[in-house]
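Okay, so here's the structure we're looking at.
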Amino acid sequence: MRRRQRNKLTGGQRFLVGALFAAAFFLVEAGIAEILLSSNAQCEAMVSNMRLRFGLEDVCTPEWVVYMLGAISRGIVGLLFPGSPALLAWLSMGGMYAIAGGGCAQLSPRWGVSIYLAGHIALVALLAGLGYISQFIA
């Protein structure tokens, strides 16, 4: 029996595949986060027009989730420039995640995916925490 030979990717091809996967992952995740943020804004607008005994946090999305979704969607650009357009944040953060994904693709698949996801989770947690703290500092 003849064994089928695998085609090995070169370093540049691996970088490109990793960059495309990372950018696609970020853009899908940012799109879902924006949908959830807009539904929260609609909920807050609807609840603020009603006279209720309880606050917005009891009905709509909790505040920490809003900051986490903002960190996922807008990233560093949303933290540093809160009034910036979403497209600018998506392009810059998508490029940053693409470069990180391309770098992680140079490792073995198991390590590359693990390191990329761990870095992504750490960055989102850091940005969400800084966003939450910034409301008390500014």
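Just a yes or no: is a residue in region 126-133 hydroxyl-bearing (Ser, Thr, Tyr) and either modelled with pLDDT under 85 or over 30 Å from residue 17 (Cβ atoms) (or both)? Checking region 126-133: at least one residue is hydroxyl-bearing (Ser, Thr, Tyr) and either modelled with pLDDT under 85 or over 30 Å from residue 17 (Cβ atoms) (or both). Which numbered condition in (1) surrounded by 14 or more Cβ atoms within 10 Å (Cβ to Cβ); (2) over 22 Å from the mean Cα position of the chain (by Cα); (3) modelled with pLDDT under 90 is the only one that residue 14 fails? All conditions are met except number (3).
I need the full set of residues from region 87-106 which are of a type in the set (Gly, Ala, Ser) and touching a helix residue (DSSP H, G or I) at 6+ places or on another chain (Cβ under 7 Å), in order please. I'd like the intermediate steps shown before the answer.
First, pick out the residues of region 87-106 that are of a type in the set (Gly, Ala, Ser): 89, 92, 94-95, 98, 100-103, 105.
Those that are of a type in the set (Gly, Ala, Ser) and touching a helix residue (DSSP H, G or I) at 6+ places or on another chain (Cβ under 7 Å): 89, 92, 94, 98, 100, 101, 102, 105.
Being surrounded by 14 or more Cβ atoms within 10 Å (Cβ to Cβ) and closer than 27 Å to residue 8 by Cβ is a property that residue 94 lacks.
The values are calculated or read from the model by the stated rules, or taken from the named source; none is laboratory data. All values derive from a computational prediction rather than experimental measurement. Every residue, glycine among them, receives a Cβ derived from its backbone with ideal geometry; neighbour counts consider all protein chains shown.
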